[in-house]
Every structure is written in C-alpha cells, then in structure tokens.
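Q: One structure coming up, written as structure tokens, with questions to follow.
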Amino acid sequence: MAAKASEKKTDDKKKETKKENAWLTYSDATRKKLEKLTTDYKAFISKCKTERECVAESVAILEANGYADLKDCIAKNKKLKAGDKVYYNNMGKALAAFIIGKKPLEDGMVILGAHVDSPRLDLKQVPVYEDTEQVLLDTHYYGGVKKYQWVTIPLALHGVICKKDGSIVNVNIGDDENDPVFEITDLLIHLSAAQMEKSAAKVIEGEALNVLVGSEPLKGEDKEAVKANVLKLLKDKYGVEAEDFLSAEIEVVPAGKARDLGFDRSMITGYGHDDRVCAYTSLVAMLEVDKTDRTAACLLVDKEEIGSVGATGMQSLFFENAVAELVNLTGTYSELKVRRALANSVMLSSDVSAAFDPNFPEVFERKNTAYFGKGIVYNKYTGSRGKSGSNDANAEYVAKIRAAMEKHKVAFQTAELGKVDVGGGGTIAYIMAKYNMQVIDAGVAVLCMHAPWEIVSKSDVWEAKQAYVAFLKEM
C-alpha cells in the first residue's frame, strides 16, 4: 500500500469491537495446513525480493500446476475452452493468470489483484564512486520509506544488468550465507548532536543513502584504486563494465530470510509483506480452484508503490489487452465483448492494511481498525482524510462479500487506515473501478508497514488465502 502523510496525533480511549481471535477456532488439522502455507510463504518472500523475482517464481509455480503461456496460444491461434488455464507475463514484471470459466467472458470475471513491488532503494544509472578510499553506490529510494530505517542494516543487491549485446546478467548478492553484505553508514552518536535535532524526515537525507561496497585498493592503480578494484571484481564475476549500469535495474533490499517472530512463532517478520503476502495467497488460491462458472483471474502487478504507472503498472493497458486476447480465443472477437467482460467483473484489490500497534494507539480509531488474529481485512474505502483518491465500494457489493465469507467460515474484519485526519493510503482498486467493475480492498494486516522488516500474523495469512478461495468460488 502506498503511504501518505500523517498529521497530529490525538489520544483515543474508545474500545475496539470484540471479535473472536481466529487462533482459538483452529483444529490441529487446520494448524498443520496453516503452518505449511506460512512456511511456503516465508520461502517465497525470502527468495523473491524484487518484482522480477516474484513474477519468475510465480510463472514457475503456475507452469508446474498446468498453466500454459497465453502468448504461445496467441501465436498458434489456439482456441481456449472452459477449464483451460493460461498466464500472461508482461515484461517479466507483471503477471495475469486465468482459469477460463463455463460462462462467456462478457459475463465478467472474478479477479484477485495484488502488487509485487515493495519500497526499496534503486541504484542510480551512474552509481559507483570513490571518496577517501571508500567505494559507495549512489541510490534513489523507491516508494514511501522512512529513510532512517535503511541505515546500519545488512543489505543485498538484487536485479539485472542488460548489456548492449542483448545478454542479461542476473545479480543476487547478499542473501547467500557465503555472500558479503552491504551497508549504509550512520553518524556515530558521539558526533551527532546536531543531527539529533533534525526531524525524522531529515535525519537521513535521500542523497545520503549511499551503500558502502568496498575499501581495498587495486595494486598498481594510482587513481581511484578502490573503485578500480570493485569494478574489476564485477567484471571478473559478471563480465560487466561500469557503463553497463546505464542499462541496469538493481535494487537494494534488506539481506536475510523471513523468520518466525515471537515465543509462540505466531508471526512472521520479513521484507516485502506489502504486498507479497497478498500476492502469494492470491496465487495459491488460484491453484485451489479447478473449474469456475465465470473466468477467474489473478493479477500480480508492478509500480503500485509509485502510483501504478509505467508499462508494468496497473494503469497500463496490459490487462485489458490480455482480456481482449482471451475474448478472441474463446469465441468471436468484438470490442463490445471486451468492455462487457471488464464492466461485469468483480474484484478484490488484494492489498495490506495497517494493524493496530499498541505502541502508537493515538493514530488509530479502535473500533475501525485491523487487529492481528482477526482475519482478512476489508477496507471499503482508502484514500486520505476526505477519502481523497479512494475507491469506495458499494454497500450492495460489501453485503455479497460478507455473505461469501460467512458461508465459508472465513474470519474477516473491516477497517480504515488510521484516524480520519491522520493519514491514509492508496491501492490499485480505483484504477480497476474505472472499468465500472465492483472492487473492494481486501488483505492482511501489517505492523511496521513500509519498513525494511514488516510483521504479519500467520493466522491472518491463512484467513486471507481462505477468503480468496471463497471469493473465487462464490462470486
């Protein structure tokens, strides 16, 4: 979920609505399934720290479960029938998966839509420089981050370097236990009196987020010998030159695997819960559905954290184009059928919400906030203050969602993202609503959202997956 500014904090003594904690409802058999799901999820986010890695792993999972590449079907003009499963990979950064339904596409689809980009630091196009025999990489932060949270923690480099000859070099340094890690330095406390007087937004400036990567000079070099040594290591290992960074996409992310949190192991701490916790559970939900009346779709998109822009963001036409191809391969094509297919669809914008934090109760309105262990969170509207920039789901649609959740015994809760005049956020919901389809935000409650390490409850991960399955089957 993309962040927006917060305002003054006020104390709130109102009590939250009492709702049974989902942990208390689980049988031993359910707990085993829950642990299997969350163990697989931890492995997924530990391996997939960029949108490219998420899409590549998701494609592998889909293909292992019988999904075919829609582009191959298009090239062969292969007609699709009910029960067929296909995926559309958009530039390696966004993905749409479909299960063709029994009803015509123009009757609409049942859609789960999440994003797979997360707040991070991106290397600039000319990143490598030396200063006082230390080599650093210059970065530009991506999405809403608290910049001070990114200093003095182990960091890894993930991404691609695209060379002029068309070859692509995959970069993944810092997450293998034998790899080195990287770090952004901070001023020592003994010399930081002036720094400590600054606001949190200014304690670490964006241009100070420079990643330390080397300090050993290359023998025989008289000028910038440390930089020469780092570039030599990169050339020896990856076969790349300094100028190849011009056509590279390398992301600086926290190093380390997702782990259980708490004595009871009831939570998971890891990088990128926003929004990969919803992306993974949406994907797994698709695997649990075999045949549907209406075509089912799962969207995993890029660029949500910076406004869903670009060719791989939700504001591009890639999904609409994919639907047009489906219309063509399932019958007689017409633009009207494409428009009807989109307008008659229903969607869950699978995105996270803010979990109540007892350390900061003043920013939450207790009876309209999300809590750990209370299930998937439905946000009828997001936006900020006067619902600015929000999709506001229709009450009739919310009622249908409630009925589906209760029928399948899914634990769910409703929430807003903080007090009215304190903050807010945005998702892809309003973009899909432009097609005139019914959309509501639905996802997992998260502590420390947009921090390098975020926290979720395992029970909420389980309930999210159950909710997505129920949605696909009932709507």
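The values are calculated or read from the model by the stated rules, or taken from the named source; none is laboratory data. Keep in mind the model is a prediction, meaning the values are calculated, not measured. Don't worry about glycine lacking a Cβ; one is built from the backbone with ideal geometry, like all the others, and counts go over all protein chains shown. Just the protein is used for accessible areas: all its heavy atoms, side chains included, with ligands, DNA and RNA removed. Shrake-Rupley method; radii C 1.70, N 1.55, O 1.52, S 1.80 Å.
Q: When ranked by the protection proxy of mean other Cβ atoms within 10 Å per residue, highest first, what sequence do the peptides 398-407, 24-33, 101-110, 265-274 form?
A: Values: 398-407: 15.1, 24-33: 11.1, 101-110: 19.5, 265-274: 22.6.
Per-residue mean Cβ counts within 10 Å order the peptides as 265-274, 101-110, 398-407, 24-33.
Q: Grab the other residues whose beta carbon is less than 11 angstrom from that of Gly92, score K and R as +1, D and E as -1, and report the net.
A: Values: positive: Arg52, Lys93; negative: Glu51, Glu53, Glu249, Asp302.
Net of charged neighbours comes to -2.
Q: Using the C-alpha atoms of region 341-475, what convex hull volume per residue, in cubic angstrom, is computed?
A: On the way: hull volume 14.5 nm³, N = 135.
Output value, Cα hull per residue: 108 Å³.
Q: Further question: Could you give me the ³J(HN,Hα) list for region 339-345, computed from phi with Karplus coefficients 6.51, -1.76, 1.60 and θ = phi - 60°, whole Hz, x at Gly and Pro?
A: Result, rounded to whole Hz: 4, 5, 4, 6, 5, 8, 7.
Q: What figure in square angstrom, to the nearest 10, would you give for the accessible area of Trp453 with a 1.4 Å probe?
A: Surface accessible to solvent at Trp453 totals approximately 80 Å².
Q: Still on this model: Tell me, what is the FRET efficiency for Arg385 and Asn359 to the nearest 0.05, using R0 = 35 angstrom and their Cβ-Cβ distance as r?
A: Working: r = 24 Å, r/R0 = 0.68.
My answer for the efficiency is 0.90.
Q: If you take the beta carbon distance between Val169 and Lys219 as r and set R0 to 22 Å, what does 1/(1 + (r/R0)^6) give as a FRET efficiency, to the nearest 0.05?
A: Details: r = 27 Å, r/R0 = 1.21.
The value I calculate is 0.25.
Q: Just the number, please: Stokes-Einstein D of region 202-360 in µm²/s, Kirkwood Rh from C-alpha pairs, 25 °C, 0.890 mPa s. Before the final figure, lay out the partial values.
A: Numbers: Rh = 21.4 Å.
Answer from the Stokes-Einstein relation: 115 µm²/s.
Q: Now for a different question. Report, to two decimal places, the Cα Rg of region 278-349 normalised by 2.2 N^0.38 Å (N = number of residues). Show your work: numbers first, answer last.
A: Values: Rg = 13.5 Å, N = 72, 2.2 N^0.38 = 11.2 Å.
Computed over Cα atoms of region 278-349, the ratio equals 1.21.
Q: While we're on this one: Ordered by residue, what ³J(HN,Hα) values in Hz, to whole numbers, does region 404-410 give under the Karplus form 6.51 cos²θ - 1.76 cosθ + 1.60, where θ = phi - 60° and Gly and Pro are x?
A: 5, 5, 5, 4, 9, 6, 8
Q: Find how much the distance from Lys103 to Val151 grows on full extension, using 0.36 nm per residue of separation minus their present alpha carbon separation; answer in nm with one decimal.
A: Values: separation 48, 0.36 × 48 = 17.28 nm, distance 5.32 nm.
Stretched out fully, the Lys103 to Val151 stretch lengthens by 12.0 nm.
Q: For region 65-194, just the Cα atoms, rotate onto the principal axes and tell me the three extents in Å, largest first.
A: Reported extents, whole Å, longest axis first: 69, 38, 28.
Q: Pairs Lys407/Lys458; Lys32/Lys380; Lys47/Lys380: which are spaced more than 26 Å apart, C-alpha to C-alpha? Please report the intermediate quantities before stating the final value.
A: Working: Lys407/Lys458 22 Å; Lys32/Lys380 32 Å; Lys47/Lys380 33 Å.
Beyond 26 Å between Cα atoms: Lys32/Lys380; Lys47/Lys380.
Q: Which residues in region 253-289 have a backbone N closer than 17 Å to a point placed 7 Å from the Cα of Glu177 along the Cα-to-Cβ line?
A: 255-260
Q: What lysines could a cross-link reach from Lys202, if we take a straight Cα to Cα line under 16 Å and drop same-chain neighbours fewer than 8 places away?
A: Hits, sequence-local ones excluded: Lys146, Lys147.
Q: Could you give the size of the charge dipole of the chain about its Cα centre, using +1 on the Cβ of each K and R and -1 on the Cβ of each D and E, expressed in debye and rounded to the nearest 20? Provide the component values of the computation, followed by the final result.
A: On the way: 64 positive and 70 negative charges, 449 e Å.
So the magnitude is around 2160 debye.
Q: Let me ask something additional. Work out, in µm²/s and without decimals, the Stokes-Einstein translational diffusion coefficient of the chain at 10 °C, 1.306 mPa s, Rh from Kirkwood over C-alpha pairs.
A: Numbers: Rh = 23.5 Å.
Once the numbers are plugged in, D ends up at 67 µm²/s.
Q: Angle, helix 51-64 long axis vs. longest principal axis of the chain, Cα atoms, 0 to 90°, nearest 10?
A: 50 degrees
Q: Moving on to the next point. Net charge within 11 Å of Phe412 by Cβ-Cβ distance, Lys/Arg positive one each and Asp/Glu negative one each, not counting Phe412 itself?
A: Details: positive: Lys19, Lys374, Arg402, Lys409; negative: Glu406, Asp460, Glu463.
Around Phe412, the surrounding residues sum to +1.
Q: How tilted is helix 225-238 with respect to the longest principal axis of the chain? Cα atoms for both, answer in degrees (0 to 90, nearest 10).
A: 40 degrees
Q: Once you sort the root eigenvalues of the Cα gyration tensor of region 387-465 as a ≥ b ≥ c, which label holds: rounded (a/c under 1.5), prolate (a/b larger than b/c) or oblate (the other case)? Can you show the working numbers first?
A: Values: a/c = 1.87, a/b = 1.07, b/c = 1.75.
It comes out oblate by the Cα gyration axes.
Q: Between Ala354, Leu336, Val323, whose Cα lies farthest towards the positive end of the dipole of region 323-378 when Lys and Arg beta carbons carry +1 and Asp and Glu beta carbons carry -1, centred on the Cα centre?
A: Final value for the positive-end residue is Leu336.
Q: Further question on the same structure: May I ask you to derive the FRET efficiency for His408 and Ala64 from their Cβ-Cβ distance with R0 = 41 Å, giving the value to the nearest 0.05?
A: Numbers: r = 26 Å, r/R0 = 0.64.
With R0 = 41 Å, the Cβ-Cβ based efficiency is 0.95.
Q: Show the residues, 5+ positions off or on another chain, whose built amide H is closer than 5 Å to the amide H of Gly424.
A: Lys4
Q: Could I ask something else about it? Any cysteines in the chain with zero other Cys Cβ atoms under 4.7 Å from their Cβ? List them, or say none.
A: Cys73, Cys162, Cys278, Cys298, Cys448 - these cysteines have no disulfide-compatible partner (Cβ-Cβ under 4.7 Å) in the chain.
Q: Moving on. Rounded to whole Hz and in sequence order, give me ³J(HN,Hα) for region 84-89 from the Karplus expression 6.51 cos²θ - 1.76 cosθ + 1.60, θ = phi - 60°, writing x for Gly and Pro.
A: Running phi through 6.51 cos²θ - 1.76 cosθ + 1.60 with θ = phi - 60° gives 5, 10, 9, 9, 10, 8 Hz.
Q: Add +1 for every Lys or Arg and -1 for every Asp or Glu among the other residues with Cβ under 9 Å from the Cβ of His450, and state the total.
A: On the way: positive: Lys146; negative: Asp274, Glu305, Glu454.
Computed value for this residue: -2.
Q: Roughly how tilted is helix 458-474, in degrees to the nearest 10 and between 0 and 90, from the longest Cα axis of the chain?
A: That helix lies at roughly 40 degrees to the long axis.
Q: How long is the gain from Asn21 to Ile189 if the chain were fully straight, where each residue apart is worth 0.36 nm and the alpha carbon distance is subtracted? Each step should come with its number before you reach the end.
A: Details: separation 168, 0.36 × 168 = 60.48 nm, distance 4.27 nm.
Result: 56.2 nm gained on full extension.
Q: In Å², what does the accessible area per residue of the chain work out to with a 1.4 Å probe? All intermediate terms of the calculation are to be shown ahead of the outcome.
A: Working: 21710 Å² over 475 residues.
Ligands and nucleic acids excluded, the figure is 46 Å² per residue.
Q: I'd like the projected area of region 29-101, averaged over all directions, using the convex hull of its alpha carbons. Report it in nm² with one decimal. Walk me through the numbers on the way to the answer.
A: Numbers: hull surface 24.3 nm².
If I average the Cα hull's projected area over directions, I get 6.1 nm².
Q: Let me ask something else. For the chain, what does the helix formula give at 222 nm: sum of -39500 (n - 2.57) over DSSP H segments with n ≥ 4, over the residue count, nearest 500 deg cm²/dmol? Before the final figure, lay out the partial values.
A: Details: 11 runs with 131 residues, N = 475.
Value at 222 nm, helices only: -8500 deg cm²/dmol.
Q: For a quick check: with amide H placed at 1.01 Å from N, whose amide H comes under 5 Å from Thr295's, ignoring anything fewer than 5 positions away on the same chain?
A: Correct list: Gly101, Lys103, Val110.
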